[in-house]
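One structure below.
The values are calculated or read from the model by the stated rules, or taken from the named source; none is laboratory data. Owing to the predicted nature of the structure, the values given are computational and were not obtained by experimental measurement. A quick note on method: Cβ atoms are made from the backbone with ideal geometry, for glycine too, and the neighbour counts reach across all protein chains shown. Please note that ligands, DNA and RNA were not included when accessible areas were found on the heavy atoms of the full protein model with its side chains. Shrake-Rupley method; radii C 1.70, N 1.55, O 1.52, S 1.80 Å.
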There are 2 protein chains.
Amino acid sequence: MKIRSVLSAAVLAVATTFAATQALAQDTFTLRLAETWGPNFPIFGDATKSMAAMAEKMSDGRLKIRIDSSNKHKAPLGVFDMVRAGQYDMGHSASYYWKGKVPNTLFFTSMPFGMTALEQYAWFYYGDGMELMQEVYEPLGLKSFPGGNTGIQMGGWFRKEIKSIEDLQGLKMRIPGFAGEVFSEVGVSPTNIAPGELYTALERNTIDAVEWVGPALDLRLGFQQIADYYYTGWHEPATELQFLVNQKVWDKLPADLQEILRISMRTAAYDMLIQSQHENAKAWASIKEEYPNVQIKKFPTEVFQTMYKANQKLLKEAAAGDELAAKIVESQEDYLEKTRAYTDISERAYLNTMAEVE
Amino acid sequence: MKIRSVLSAAVLAVATTFAATQALAQDTFTLRLAETWGPNFPIFGDATKSMAAMAEKMSDGRLKIRIDSSNKHKAPLGVFDMVRAGQYDMGHSASYYWKGKVPNTLFFTSMPFGMTALEQYAWFYYGDGMELMQEVYEPLGLKSFPGGNTGIQMGGWFRKEIKSIEDLQGLKMRIPGFAGEVFSEVGVSPTNIAPGELYTALERNTIDAVEWVGPALDLRLGFQQIADYYYTGWHEPATELQFLVNQKVWDKLPADLQEILRISMRTAAYDMLIQSQHENAKAWASIKEEYPNVQIKKFPTEVFQTMYKANQKLLKEAAAGDELAAKIVESQEDYLEKTRAYTDISERAYLNTMAEVE
């Protein structure tokens, strides 16, 4: 063996050893995420993009998240199935979309007459919320995390003013989910129509009213041009989106990348609530300026009262015969009672005071 | 040269090269943080601890933050000076404490009759807030970040009910800062007393009223035992604490650790708002149960109205003659007007609706 060869071999051996150590510490992971939304969907889509950007930057490129929007995977409401089956590593969607498959997923988005965003985050992170959500998702091989909050959604656009419970009888309204069930208890005919057809349906009186999200997202669909009455919200006081992670994928990540992923999701979720406040305020200012026809209305107290009772009845039915459902409903009700008593003497009192002065 | 020596030299050379690369990527940083609070101060102190824990875990131990509480550094209100001088790398305190040194630091904690926490975070992160704050802190060689929000602070504990503006004349109240100045414009004599002496001062009528924070922190000081009237808030609707970082220390961190630090601070700040909601609700429930003497009161509208005008006057004075102050006040006023118009049709409308049903 010549000196030269010995040297090369030695260098190679040492280099290989170091490279292996390096590789272990520096393994990179690329996770594929399917989102329910289309490409460049505002606010909701910003949450996934900013989450991915934070994770990549904090991990110095070791954790990359590749986002597929619905135009790519063609299954906006298939996110749950795809992440469960391992076709995607992660998802961004909303828990209540899966209630047809697993009824108890209903409770982790927003409940009619329920908690506000601050109250609900407090329930998730300092109350029993995260633990209960995991109790629902763990048997499915999934981890579920808060994925961004819209704040209180508006009660919808109506072409005629609602002055009494009679005005709701037979009223055709686009309002999906649990809130649709509550509305149907007070005489409304809830329908579900694809977003792209909503404007025309309202314009041609195929429907009389439509619920979408709030000023920022509603403005883009143009309802303010053909409906004068914009109702305040009650049915989704704090719509929380969802990050889903396949448990096996999660388990493969080293502890530092798990924490980076967890914190990126948590921050992106909080940020979305703040962005929603910002964008909604901006959109509402421009609706007020450009569409003086639009009036803010509150449903009459008797309507709220009747819907509130209908909601209580439906919740009781949902909880009947399912121990976990009963536990979740009880936890939310208890938490709401306590947290709202404080919100009433703090936030609500302050906002009402401010509305009086000038 | 013997083969053995050549081999050793080669291994050493290669090993050294790899070790150097490794060290660059894996350099660890220990930052020293001074907080204004004492050790184990609830909520505020939890924010620094959780920030440090996130940073350490996400960086796999490469970024460590060592926290000194006020019992250690003995200068609760010296955080600004110590971080500026480089005695500490970071601080956790509140921006308005430095208004005596740099008047424009006043605007980044909370302003009387100002924004709520959600509104203010929206101003910081999606409006001009962060940029304006940096305009104030950059010339001082500091970076400033939101450090956790208490939510709306309560208006204080009073031993006698306030029924009119006359009842405030000559009233001795512990209320510091800008809010104290507003109160003094309506006849109150504001005083500042060390926290440890507040209970005795109130009990012995050295003062007639005391403002502290909210139920969770007030409960520990025992005011509910000796004052019956707990007033709703107006003077600090969204008290935001502050993380300070010495600019030179920040500049030394590699990009991934800067991002880890930034996101850890941001998340800890949001979390503190949520924890405040949780702890205040819990404390308020126990005050209600154990101290039925305590009544929630709102100042009469004429009192609010007079204080609101006094506040406007003081703000105008603060803005006079300082271009940056004027720019900040204008930015906050414009943002508040727009964001509150939306809060009124969303959060406020919903909370008022919910207060009606049952």
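Shortest first and in nm to one decimal, what separations exist between residue B:314 and its copies in the other chains, measuring from label points 7 Å along the Cα-to-beta-carbon line?
Ordered by increasing distance: 4.8 nm.
Which aspartates and glutamates have a Cα lying under 19 Å from the Cα of residue B:74, excluding residues fewer than 8 positions away in the same chain?
B:35, B:89, B:197
Which one, B:355, B:304, B:102, projects farthest toward the positive side of the charge dipole computed for the protein assembly as shown from Cβ point charges (K/R +1, D/E -1)?
B:102
Please calculate how many Å² of accessible area region A:82-229 carries per residue, with a 1.4 Å probe and no DNA, RNA or ligand atoms counted.
Per-residue value: 35 Å².
Determine the sum of side-chain charges near residue B:279: Lys and Arg each +1, Asp and Glu each -1, restricted to other residues whose C-beta is under 14 angstrom from that of residue B:279.
Residues close to residue B:279 contribute a combined charge of -1.
Looking at region A:80-178, what % of the alpha carbon pairs are farther apart than 16 Å?
When all Cα pairs of region A:80-178 are counted, 65 percent exceed 16 Å.
Just check the protein assembly as shown against the gyration tensor rule for me: Cα atoms, a ≥ b ≥ c as the square roots of the eigenvalues, rounded for a/c under 1.5, and otherwise prolate or oblate depending on whether a/b exceeds b/c.
Verdict is oblate for the protein assembly as shown.
Which whole-number percent gives the relative contact order of region B:38-181, counting Cα pairs below 8 Å spaced six or more residues apart?
Reported as a whole number, the value is 16 percent.
Between copies, how close do the residue B:53 label points come, placed 7 Å along Cα→Cβ, listed in nm from shortest?
2.9
Which helices, taking whole DSSP H runs in chain A, have alpha carbons extending 20 angstrom or more along the helix axis plus mean Kyte-Doolittle at least 0.0?
A:3-26
For residue A:214, what charge total do you get from the other residues with a beta carbon under 12 Å from its beta carbon, if Lys and Arg give +1 and Asp and Glu give -1?
Net local charge, residue A:214 excluded: -3.
Counting Lys +1, Arg +1, Asp -1, Glu -1, what net charge surrounds residue B:312 among other residues with beta carbon under 14 Å of its beta carbon?
Around residue B:312, the surrounding residues sum to -4.
Using a 1.4 angstrom probe on heavy atoms only, work out the carbon and sulfur share of the accessible area of region B:203-269 in %.
The C+S portion of the solvent-accessible surface of region B:203-269 is 43 percent.
Probe radius 1.4 Å, ligands and nucleic acids left out: can you give me the accessible area buried at the B-A interface, summed over both chains, in Å² to the nearest hundred?
About 7900 Å² of accessible surface is lost on pairing.
Taking each residue in B:335-344, count the Cβ atoms of any other chain within 10 Å of its Cβ, then average. What number comes out?
Neighbouring Cβ atoms belonging to other protein chains average 6 per residue here.
Please list, ordered by chain and number, the residues whose modelled amide H lies under 5 Å from the amide H of residue A:94; skip anything fewer than 5 residues away on the same chain.
The list, which skips near neighbours in sequence, is A:242.
Any idea how far the Cα center of region B:317-353 sits from the one of region A:294-358, in Å?
27 Å
Just give the residues from region A:116-140 buried by at least 50 square angstrom of accessible area in the all-chains context relative to the isolated chain, probe 1.4 Å, and say none if nothing qualifies.
Listed by number, the residues meeting the 50 Å² cut-off are A:118, A:126.
Averaged over its residues, how many other protein chain Cβ atoms are within 10 Å of peptide A:258-265's Cβ atoms?
5
If packing is taken as the mean number of other Cβ atoms within 10 Å per residue, what is the order of B:120-126, B:190-196, highest first?
Ranking the peptides B:120-126, B:190-196 by packing returns B:120-126, B:190-196.
So who's got an amide H within less than 5 Å of the one on residue B:154, skipping anything under 5 residues away but keeping other chains? H placed 1.01 Å off N, in plane.
When sequence neighbours closer than 5 places are left aside, the close amide H contacts are B:214.
Determine the relative contact order of chain A: mean sequence separation of Cα pairs under 8 Å and six or more apart, normalised by residue count, in whole percent.
Computed value for chain A: 22 percent relative contact order.
Given DSSP loops and a limit of at most 13 other Cβ atoms within 10 Å, what is the longest stretch of chain B that contains no such trypsin sites (Lys or Arg not before Pro)?
For trypsin sites (Lys or Arg not before Pro) (loop position, at most 13 other Cβ atoms within 10 Å), the longest site-free span of chain B is B:205-358.
Put a point 7 Å out from Cα along the line to Cβ at residue B:176; what are the distances to that point in the other copies, in nm, shortest first?
5.2
Select from region A:290-334 all residues whose loss of accessible area on going from the chain by itself to the full protein assembly reaches 30 Å² or more (probe 1.4 Å).
Correct list: A:298, A:301, A:304, A:305, A:308.
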